[in-house]
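Asks: Input: one structure, supplied below.
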Amino acid sequence: MALQLPAGHEPRYSDFDLVGLSDETIREGGERALFGADDDRKLALIEALANAGIRDIDLGSGLTEPQFLRRVLDAQLLLHRIPADTRFVFNLTLKTWEPLSEALKVVPKDYLARIQVSLGMIEYQQENKLLERAHEKLAGIGVGSFRASILNAFSHEIDDERYTFINEQIERARSLGIDLVRINDSIGTLLPHATAVLAANLVRDNPGMTFYLHSHDDIGLGLANSLTSVFHGFAMVEGGVAGFGNRAGLANVEVLSHIFAERGITVGGRTLDAKKISAVAHLAEETFMALPNVYRPISGLLTRTENAGIVNVPDYLGVTREVEYFLNPIGIFPATIGQILANAGLPEEYTADEVFVGAVAERLKNRLENEIYPEKRARFQELLRQIHEFYADFVRLEDVQKTALQVLQDPSVVPVEHAGRAKAAETVPS
């Protein structure tokens, strides 16, 4: 049976404060990056995120990340390059917690006491109380606090069975003193009406708990679901700048910040600055070697570039906004050229001269069609070829086997008596 909105539930659409925004740019951006990213660039990106007003940053989940975590905390606590109230989160799942808990020991205890560990996949080996054991071990090495993350493969509705499962996991987290829970739309299949029902019921049924939604954009609804979750009661929101996240990404933080500013929604008492966050979005693309999405909402390079030569609807409606105009062959109308020249201060004897204005229009059209377009088309084809080539060469699963064979055949690594195994391994089908 599908869950329904609680009786008397009222959504909120403006003028409220969220306790936080959890930024996933570094963690999921790093996981999605085909070629990784160097720590210097990642640290610069973290500093930019914090300076843009982001105060809850998930740093990562890999075996090399604890060393990076230590470096980030040095930058915050010793060098004062990151605001002191910025909280860092280290993400691990119950399938990877043991090696990661060992790796975290490189972080001094006074640093560990300041971070928060996000325990993911908390339902894993529930019968063996793995969550409880991992929590005890991590608390024992000095981790200061925790949040829990519940995985879900949602259908288009929230049924009673799934809702009961989620609440069961929430109670397990609560019993450990964890009061911050992330609800994962793990495969990006939630629809906004189901998100509304889920958020409203969880908030009603779990007083004292803080929730936020991990909303993937697989079907283009990550932003809509994230907004819906806070409209219907979740006290935190999550996303990545430029929509960074695994697969199709997560909610776009600069778009969230733009909408929040318009609706009077603050985060930790602050109004987020969409312009500053948009600049960070461009830095994230450079950091993770992702091509710019030039028409991305709010932060795209060309989203404020509009055709001056057609009936521009926002202009017609009198909407004030930052715009840089351009002309292409579609937009070259004599009336448009005349108006542009008049606005530039050219005397009316020229702007009213149809022959003169027509000659200007024809010359512009000629230049666009016979000079600019052919040159740009050739460069675009070459860029496209280079892009496909650039993204074609990354480490695939078959490379693991090939590398293993190379190691087996390296006498400095594998003793001579095991050389026969290397020969046998060569016959393993790829």
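Asks: Tell me the residue from GLU157, GLU123, GLU161 that is acidic (Asp, Glu) and free of Cβ contacts under 8 Å to residues at least 24 places away in the same chain, please.
Replies: Being acidic (Asp, Glu) and free of Cβ contacts under 8 Å to residues at least 24 places away in the same chain holds for just one of GLU157, GLU123, GLU161, which is GLU161.
Asks: Using beta carbons and a limit of 7 Å, which pairs, at least six apart or on different chains, have the first residue in region 320-334 and modelled with pLDDT under 90 and surrounded by fewer than 10 Cβ atoms within 10 Å (Cβ to Cβ) and the second one not acidic (Asp, Glu) and not in a loop (DSSP other than H, G, I, E, B)?
Replies: Qualifying pairs under 7 Å: ARG321/PRO314.
Asks: Follow-up question, since we're still on this one. Looking at (1) surrounded by fewer than 18 Cβ atoms within 10 Å (Cβ to Cβ); (2) assigned to a helix (DSSP H, G or I); (3) free of Cβ contacts under 8 Å to residues at least 24 places away in the same chain, which one does ALA44 not meet, given that it meets all the others?
Replies: Condition (3) is where ALA44 drops out.
Asks: Could you tell me which of the residues ALA274, ALA279 is surrounded by 15 or more Cβ atoms within 10 Å (Cβ to Cβ), assigned by TED's automatic domain parsing to the domain that holds ARG55, within 20 Å of the chain's Cα centre (by Cα) and free of Cβ contacts under 8 Å to residues at least 60 places away in the same chain?
Replies: ALA274
Asks: Still on this structure: Take ILE337 and tell me if it is crowded, with 17+ Cβ neighbours inside 10 Å, touching a residue at least 24 places away in the same chain (Cβ under 8 Å) and outside any helix (DSSP H, G or I).
Replies: In short, no.
Asks: Take LEU317 and decide whether it is over 28 Å from PHE394 (Cβ atoms), of a type outside the set (Val, Ile, Thr) and exposed (fewer than 14 other Cβ atoms within 10 Å of the Cβ).
Replies: Numbers: over 28 Å from PHE394 (Cβ atoms): yes; of a type outside the set (Val, Ile, Thr): yes; exposed (fewer than 14 other Cβ atoms within 10 Å of the Cβ): yes.
For LEU317, the condition - over 28 Å from PHE394 (Cβ atoms), of a type outside the set (Val, Ile, Thr) and exposed (fewer than 14 other Cβ atoms within 10 Å of the Cβ) - is met.
Asks: While we're looking at this one, here's another question. Pick from region 47-82 the residues that are of a type in the set (Asp, Glu), within 20 Å of ASP110 (Cα to Cα) and in contact with a helix residue (DSSP H, G or I) (Cβ under 9 Å, 6 or more places away or on another chain): which of them is surrounded by the fewest Cβ atoms within 10 Å (Cβ to Cβ)? Talk me through it step by step, then tell me what you get.
Replies: The initial filter retains those residues of region 47-82 that are of a type in the set (Asp, Glu), namely 47, 56, 58, 65, 74.
Among the residues that remain, those that are also within 20 Å of ASP110 (Cα to Cα) are: 56, 58, 65, 74.
Still in the running and in contact with a helix residue (DSSP H, G or I) (Cβ under 9 Å, 6 or more places away or on another chain): 58, 65, 74.
Numbers: ASP58: 24, GLU65: 23, ASP74: 15.
Ranking the candidates gives ASP74 first.
Asks: If you don't mind, another one. So which strands (runs of 3 or more DSSP E) are wholly in region 100-206 and hold at least 3 residues that are surrounded by fewer than 21 Cβ atoms within 10 Å (Cβ to Cβ) and among the basic types (Lys, Arg)?
Replies: On the way: elements: 116-120, 145-150, 180-185.
No strands (runs of 3 or more DSSP E) qualify here.
Asks: Of the residues GLY243, GLY249, GLY264, which single one is in contact (Cβ under 8 Å) with a residue 24 or more places away in the chain and touching a Leu at 6+ places or on another chain (Cβ under 8 Å)?
Replies: GLY243
Asks: What are the residues in region 214-223 that are assigned to a loop (DSSP other than H, G, I, E, B) and not hydrophobic (A, V, I, L, M, F, W, C), if any?
Replies: HIS216, ASP217, ASP218, GLY220
Asks: I would also like to ask the following. Of ILE187, ILE170, ILE115, which residue is in the same structural domain as ASP74 (by TED's automatic domain parsing) and touching a residue at least 40 places away in the same chain (Cβ under 8 Å)?
Replies: Exactly one residue qualifies, and that residue is ILE115.
Asks: Also, quick follow-up: How many residues does region 281-324 hold that are among the basic types (Lys, Arg) and farther than 30 Å from ASP38 by Cβ?
Replies: The qualifying residues number 2.
Asks: Now a separate question. Could you check region 249-267 and list, in sequence order, the residues that are in a loop (DSSP other than H, G, I, E, B) and loosely packed, with under 15 Cβ neighbours inside 10 Å?
Replies: Hit for region 249-267 is GLY264, nothing else.
Here's the yes/no breakdown for (1) part of a loop (DSSP other than H, G, I, E, B); (2) touching a strand residue (DSSP E or B) at 6+ places or on another chain (Cβ under 7 Å); (3) over 24 Å from PHE146 (Cβ atoms):
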| position | (1), (2), (3) |
| --- | --- |
| TYR212 | no, yes, no |
| ASN225 | no, yes, yes |
| SER229 | no, yes, no |
| ALA242 | no, yes, yes |
| LYS275 | no, no, yes |
| VAL280 | no, no, yes |
| LEU283 | no, no, yes |
| TYR295 | yes, no, yes |
| GLY309 | yes, no, yes |
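Asks: Okay, next question. Are any residues in region 218-229 touching a Leu at 6+ places or on another chain (Cβ under 6 Å) and either free of Cβ contacts under 8 Å to residues at least 24 places away in the same chain or of a type outside the set (S, T, N, Q) (or both), and if so, which ones?
Replies: GLY222
Asks: Given GLY249, GLY240, GLY269, which one is out of contact with any helix residue (DSSP H, G or I) (no Cβ under 9 Å at 6 or more places or on another chain) and in the same structural domain as LEU190 (by TED's automatic domain parsing)?
Replies: GLY269
Asks: Out of (1) within 18 Å of ARG87 (Cβ to Cβ); (2) in a loop (DSSP other than H, G, I, E, B), the odd one out for ALA50 is which?
Replies: Here ALA50 meets the rest and fails (2).
The values are calculated or read from the model by the stated rules, or taken from the named source; none is laboratory data. Owing to the predicted nature of the structure, the values given are computational and were not obtained by experimental measurement. For neighbour counting, all protein chains shown are included, and Cβ atoms are generated from backbone atoms with ideal geometry for every residue, glycine included.
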